[in-house]
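The values are calculated or read from the model by the stated rules, or taken from the named source; none is laboratory data. Predicted model, so just to flag it, every value in this text is computed and none were measured. Cβ atoms come from the backbone with ideal geometry, glycine included; neighbour counts cover every protein chain shown. Surface accessibility is based on the protein's heavy atoms, side chains included, excluding ligands, DNA and RNA. Shrake-Rupley method; radii C 1.70, N 1.55, O 1.52, S 1.80 Å.
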Amino acid sequence: MQTLEKVILVDDCDREIGTGEKHEVHRQGSLHRAFSVIIWDDADRMLLQQRSSGKYHSGGLWTNACCGHPRPGEACDAAARRRLQQEMGFVCPLDGLGTIRYRAELDHDMIEHEIVHVFHGVHDGAIVPNPDEAQAYRWAAVEDVQADALEAPERYTAWFRKYLKAEWPVRRAVPENSG
């Protein structure tokens, strides 16, 4: 028997107000909590994944390294580490960049209406994507991705296009204590 996945419903200030079944929340467009992970390598390239064509929305589109929803009672940073391992097959230290709120109508009559906690990390090791989550991956300079997303936005997820316009994910953050 399949268990229905729950997501955390939130108010405008990201305070938890309840839970809902993931697909129903996306059909109704209810505001909920999410996370996204942006990964850089030492060459200052961003890791992109192409979502599996079998995903319930945005299948086959390019996006950031991974994203998802924390489970009820799960911290966003723990959820981000869990999903990075599940989707892309690796773990690395992650730091928070902040939050972004957006609403977008998607394919399959789905609506993303999220307050997203965005994390970033640096990874130069092996990547072993889960084919149920990502059908491909690539490293790319953010300027190239931004230019391509302007030319062919239909290749990218709605949320990733918003991230590319935001100031903070565009450059790999350098730790304050570095040389």
> Could you name the lysines in cross-link range of residue 165, using Cα to Cα under 22 Å and dropping any fewer than eight places away on the same chain?
Replying inline: none
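Averaged per residue, what accessible surface does the stretch 63-150 expose to a 1.4 Å probe, in Å²? Could the numbers behind the result be given before it?
Values: 4100 Å² over 88 residues.
Heavy-atom accessible area per residue stands at 47 Å².
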> Based on the Cα coordinates of the stretch 1-87, what is the per residue volume of their convex hull in Å³?
Replying inline: 126
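As an exercise, use a Förster radius of 25 Å and the Cβ-Cβ distance of residue 102 and residue 136 to find the FRET efficiency, rounded to the nearest 0.05. Could you put the intermediate results ahead of the total?
Working: r = 25 Å, r/R0 = 0.98.
Approximately 0.50, to the nearest 0.05.
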> Once label points are set 7 Å from the Cα along Cα→Cβ at both residue 155 and residue 14, what is their separation, rounded to one decimal in nm?
Replying inline: 3.1
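Given R₀ = 30 Å, FRET efficiency for residue 77-residue 109 by Cβ-Cβ distance, to 0.05?
Once rounded, the FRET efficiency stands at 0.45.
Please state the relative contact order of the chain as a whole percent: Cα pairs under 8 Å, 6+ residues apart? Don't skip to the end; give the middle numbers.
Numbers: 360 pairs, mean separation 44.3, N = 179.
In percent, rounded to a whole number, it is 25.
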> Residue-wise, which Karplus ³J(HN,Hα) couplings in Hz belong to the stretch 134-145, taking 6.51 cos²θ - 1.76 cosθ + 1.60, θ = phi - 60°, and x for glycine or proline?
Replying inline: 10, 8, 6, 8, 7, 9, 8, 5, 4, 4, 5, 5
> Over the chain, what is the percentage of antiparallel beta bridges among all DSSP beta bridges, to the nearest 5?
Replying inline: 75
>> Using protein chains only and a probe of 1.4 angstrom, how many square angstrom of residue 139 are accessible, to the nearest 10?
In response: 60
>> For a quick check: with amide H placed at 1.01 Å from N, whose amide H comes under 5 Å from residue 122's, ignoring anything fewer than 5 positions away on the same chain?
In response: 40
>> Can you give me the long-range amide H partners of residue 134? Hydrogens built in the peptide plane at 1.01 Å from N, cutoff under 5 Å, separation of 5 or more residues or another chain.
In response: 52
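Just the number, please: carbon plus sulfur as a percent of the accessible area of the chain, 1.4 Å probe, no ligands or DNA/RNA counted. Before the final figure, lay out the partial values.
Numbers: 4340 of 9050 Å².
Of all accessible area on the chain, carbon and sulfur atoms account for 48 percent.
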> Using θ = phi - 60° and the Karplus form 6.51 cos²θ - 1.76 cosθ + 1.60, what ³J(HN,Hα) does each residue of the stretch 69-78 get, whole Hz, x for Gly and Pro?
Replying inline: 10, x, 6, x, x, 9, 5, 4, 5, 5
> Between residue 156 and residues 5 or more places away or on another chain, which pairs have amide H atoms under 5 Å apart, with H built 1.01 Å from N, and which residues are they?
Replying inline: 62
>> Could you give each residue of the stretch 110-123 its phi-based ³J(HN,Hα) in whole Hz, using Karplus coefficients 6.51, -1.76, 1.60 with θ = phi - 60°, and x for Gly or Pro?
In response: 9, 10, 8, 9, 9, 9, 9, 8, 9, 10, 9, x, 10, 8
> When we measure straight from the Cα of residue 6, which aspartates and glutamates land under 14 angstrom away, once same-chain ones fewer than 8 places off are left out?
Replying inline: 16, 21, 24, 74
